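Data block below; observations after.
The values are calculated or read from the model by the stated rules, or taken from the named source; none is laboratory data. Bear in mind the structure is a predicted one, so any value in this text is a computation, not a measurement. Cβ sites come from the backbone with ideal geometry, for glycine too, and all protein chains shown count toward neighbours.
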Amino acid sequence: MGVMEEMRALGHVVDRLAEKYPDVPRHHIEGIVEQEHRLLDAGRVRDYVPILVEHAVRDRLRQ
């Protein structure tokens with residue numbers, strides 16, 4: 001997965017989470033996605049990064 005594809009996928013993650021959690025401001029969701037993405041930024045295998053980010057953010061929003 002290239003950088004552009006990964007960023008596009010993360011944009012879709014934000015869209016899905018904003019739809020699932022309409023009471024949470026979109027900018028808050030974007031911030032959490034960025035934080036979780038940074039935690040995984042050093043990894044060499046990038047294919048699953050968007051999925052891992054989405055799961056981590058969803059877990060944080062449920063709390």
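At a glance:
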| read-out | value |
| --- | --- |
| Set GLY43, GLY2: member being in contact with a Lys or Arg (Cβ under 9 Å, 6 or more places away or on another chain) and without any contact (Cβ under 8 Å) to a residue 12 or more places away in the chain | GLY2 |
| Index of the failed condition, MET1 passing every other in (1) at pLDDT 95 or above; (2) touching an Asp or Glu at 6+ places or on another chain (Cβ under 9 Å) | (1) |
| Hits in the range 3-58 (condition: among the small types (Gly, Ala, Ser) and in contact with a Pro (Cβ under 7 Å, 6 or more places away or on another chain)) | ALA9 |
| Subset tally (residues that are of a type in the set (A, V, I, L, M, F, W, C), loosely packed, with under 13 Cβ neighbours inside 10 Å and farther than 12 Å from GLU6 by Cα) for the range 42-63 | 1 |
